[in-house]
Each structure stands twice: as structure tokens, then as C-alpha cells.
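The block underneath contains the structure these notes are about, expressed in C-alpha cells.
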Amino acid sequence: MEKHIYNVSLKWEETRKGVLSSPQLETKIQVATPPEFDKGIPGIWSPEHLFTASVLSCFMTTFLAISEYSKLEYNDFECRAEGILEKVDGKFMISEINLFATLNISDIEKSKKSERVLEKSEAACLISNSIKSKVNLHSEIVVQNYALN
């Protein structure tokens, strides 16, 4: 695969707020310091949200590709993430990101394969592989009315 470049710009608006944009995308995203920090602004995407979201969205897109390649049939996929911010060695960092994936399948015989595809997806996620934060996958496979942990 050849090298790819992703261009993003930021324009400061006021106080602790700015707008992210890209010449390759139509949508702009307002970003701000989160309210947990001095002069933070609630209700606006923060760098911490975007960092966590980048891992989550990469996990999803990687899962979609690997499940298609593996011919894994599923009814629904859902995932949420939590980024844990803490001070490590005197510096703030997102030390861990927990992914909570739920995969709904129809065939109980596909449970093990489903789990393997989810694990491969986390391992192959290029964003997870590009960061220092520990990424933990917690998955649940739901087969019709049964839940397997």
C-alpha cells in the first residue's frame, strides 16, 4: 500500500474553542477544551473525545473489512468506547481505551469465529497500533435471545 496523507486544519474561534476542517471533507467539527480542565467548555467535542472516537471508528471500519473478508454473517454490530484520562509520570494522557463491542449473530455455531474476527479487528486497527494507550476489547456475542460472554 502506498503512503497516504490526511490533511486537517484548525481555526481558533474564541476562548478555548476552534473549528476543525479538511479540504477533503464537507463537515466541520467544533472542538474545545473539555470542562474537566480550566476554562473548558461543556457540550463540544474535545481532543479527548476525538482521540477515543478515532480508535472506536477505526475498530469498526477494520471489523467491517475483516468480517467481509472472513465471510462472517451478522445481524448487528454496535460498540462504545471509554477513554481513561489520567496523569502518568507527571503528564496527562489517555492511558487506556476500553472498547465494548456487541455483535448480534443468528447462528450459535459462528460464536467462536465471531469472537476471533472481533479480536483480529482490534489487533489490526491502525489507530490502536499507532498510539501508546492500552486498548482493551470487551466483546459480547448475542445469538438471537442468548448472550455469550
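The values are calculated or read from the model by the stated rules, or taken from the named source; none is laboratory data. Remember, it's a predicted structure, so these values are computed and weren't measured experimentally. Here Cβ is always computed from backbone atoms with ideal geometry, including for glycine, and neighbour counts include all displayed protein chains.
Which residues, counting only those in region 105-134, are part of a helix (DSSP H, G or I) and polar (S, T, N, Q)?
Result: Ser111, Ser114, Ser121, Ser128, Asn129, Ser130.
Condition check: surrounded by 11 or more Cβ atoms within 10 Å (Cβ to Cβ), of a type in the set (S, T, N, Q) and in contact with a helix residue (DSSP H, G or I) (Cβ under 6 Å, 6 or more places away or on another chain). Does Ser67 satisfy that?
Here the answer is yes, as Ser67 does meet what is asked.
Under 27 Å from Lys91 (Cβ atoms), loosely packed, with under 12 Cβ neighbours inside 10 Å, among the β-branched types (Val, Ile, Thr) and over 20 Å from the mean Cα position of the chain (by Cα) - does that describe any residue in region 5-14?
Looking for residues that are under 27 Å from Lys91 (Cβ atoms), loosely packed, with under 12 Cβ neighbours inside 10 Å, among the β-branched types (Val, Ile, Thr) and over 20 Å from the mean Cα position of the chain (by Cα), one finds none in region 5-14, hence no.
Let's see how each residue does on (1) modelled with pLDDT under 95; (2) over 21 Å from Ser128 (Cβ atoms):
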{"residue": "Asn7", "(1), (2)": "no, yes"}
{"residue": "Arg16", "(1), (2)": "no, yes"}
{"residue": "Leu25", "(1), (2)": "no, yes"}
{"residue": "Thr62", "(1), (2)": "no, no"}
{"residue": "Ile66", "(1), (2)": "no, no"}
{"residue": "Ser70", "(1), (2)": "no, no"}
{"residue": "Gly83", "(1), (2)": "no, no"}
{"residue": "Glu96", "(1), (2)": "no, no"}
{"residue": "Asp107", "(1), (2)": "yes, yes"}
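Name the single residue that is nearest to Leu64 (Cα to Cα) among those in region 117-142 being free of Cβ contacts under 8 Å to residues at least 60 places away in the same chain and among the small types (Gly, Ala, Ser).
Per the criteria, the residue is Ala123.
Could you count how many residues in region 116-128 are of a type outside the set (A, V, I, L, M, F, W, C) and crowded, with 16+ Cβ neighbours inside 10 Å?
The qualifying residues number 4.
For region 9-55, which positions are among the basic types (Lys, Arg) and part of a loop (DSSP other than H, G, I, E, B)?
Those that are among the basic types (Lys, Arg) and part of a loop (DSSP other than H, G, I, E, B): Arg16, Lys28, Lys39.
List pairs: first residue in region 105-116 and touching a residue at least 24 places away in the same chain (Cβ under 8 Å), second residue of a type in the set (Phe, Trp, Tyr) anywhere in the structure, Cβ distance under 8 angstrom, at least six positions apart or on different chains.
Partner pairs satisfying both residue conditions: Ile105/Tyr74; Ile108/Tyr146; Ser114/Tyr74.
Within region 84-97, can one find any residue that is part of a strand (DSSP E or B), of a type outside the set (Val, Ile, Thr), touching a residue at least 24 places away in the same chain (Cβ under 8 Å) and surrounded by 15 or more Cβ atoms within 10 Å (Cβ to Cβ)?
Yes, region 84-97 contains at least one residue that is part of a strand (DSSP E or B), of a type outside the set (Val, Ile, Thr), touching a residue at least 24 places away in the same chain (Cβ under 8 Å) and surrounded by 15 or more Cβ atoms within 10 Å (Cβ to Cβ).
Find the residue count for region 15-51, including only residues that are in contact with a Phe, Trp or Tyr (Cβ under 8 Å, 6 or more places away or on another chain) and loosely packed, with under 14 Cβ neighbours inside 10 Å.
Total satisfying the criteria: 3.
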